[in-house]
Amino acid sequence: PVGSHSFTTDEITATINGSTRTGNTATASLSVSPGALGISFAKAFDADTVATNSTVGLDFTITLSGDSADATAISFTDDLNAFHSGAVLTSVDSNSCGGSASGTSTLSFSGGALTAGNSCTIGTTITLGAATGSFTNTTST
């Protein structure tokens with residue numbers, strides 16, 4: 001987990017000239033930062049304002065830092081209907097993340113892979129329902 005971690009061994013023991021000797025313990029510390037975990041996730045609509053019952057592009061970008069190991073089994077879901085009543089996935093237009101994206105009112109992505117120091121994008125088009133107003137779209141972690 002993220003944070004500072006201290007690791008301590010038991011006392012060292014050895015037999016020297018026929019006698020058992022006991023020495024000290026050894027301690028080391030390691031600090032794990034969120035950046036070392038390396039994966040970030042963002043999404044963006046291709047327009048700020050759209051008409052009801054129209055389509056809008058929605059891109060998902062995954063980035064893996066160079067100090068991370070490669071990532072596999074990347075997955076997420078996005079409940080489009082919770083974001084905007086009647087919103088559905090119309091198409092997956094591009095996918096450089098591997099894996100597959102599918103669904104109707106909930107977009108599901110699974111099986112993605114990414115090598116350290118790279119980014120990939122899943123480009124989609126969604127069709128909105130008839131509701132008007134401002135809406136916030138939140139994706140699962």
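All of Asp78, Asp93 fail the test of being charged (D, E, K, R), open to solvent by less than 40 Å² (accessible area, probe 1.4 Å) and in contact (Cβ under 8 Å) with a residue 12 or more places away in the chain, apart from Asp78.
Out of the residues in segment 52-69 that are closer than 13 Å to Thr127 by Cβ and surrounded by 13 or more Cβ atoms within 10 Å (Cβ to Cβ), which is nearest to the chain's Cα centre (by Cα)? Only one residue tops the list, namely Leu58. Determine whether Thr127 is at negative phi, open to solvent by 60 Å² or more (accessible area, probe 1.4 Å) and in contact (Cβ under 8 Å) with a residue 24 or more places away in the chain. Taking the combined requirement at face value, the residue does not satisfy it. From the list Asp78, Asp70, Asp93, which residue is among the charged types (D, E, K, R) and at pLDDT 95 or above? Exactly one of Asp78, Asp70, Asp93 is among the charged types (D, E, K, R) and at pLDDT 95 or above, namely Asp93. The single residue among Thr72, Thr49 that is out of contact with any strand residue (DSSP E or B) (no Cβ under 7 Å at 6 or more places or on another chain), open to solvent by 60 Å² or more (accessible area, probe 1.4 Å) and either at negative phi or free of Cβ contacts under 8 Å to residues at least 40 places away in the same chain (or both) turns out to be Thr49. Annotation: Ala42 fulfils all but one of (1) within 26 Å of Gly133 (Cβ to Cβ); (2) open to solvent by less than 50 Å² (accessible area, probe 1.4 Å); the unmet one is (2).
Taking the criterion of being surrounded by 10 or more Cβ atoms within 10 Å (Cβ to Cβ) and modelled with pLDDT of 75 or more, the only residue of segment 14-29 that qualifies is Arg21.
The values are calculated or read from the model by the stated rules, or taken from the named source; none is laboratory data. On a predicted model such as this, the values are computed, not experimentally measured, just so you know. When we count neighbours, we look across all protein chains shown, and the Cβ atoms used for this are built from the backbone with ideal geometry, even at glycine. Surface accessibility is based on the protein's heavy atoms, side chains included, excluding ligands, DNA and RNA. Shrake-Rupley method; radii C 1.70, N 1.55, O 1.52, S 1.80 Å.
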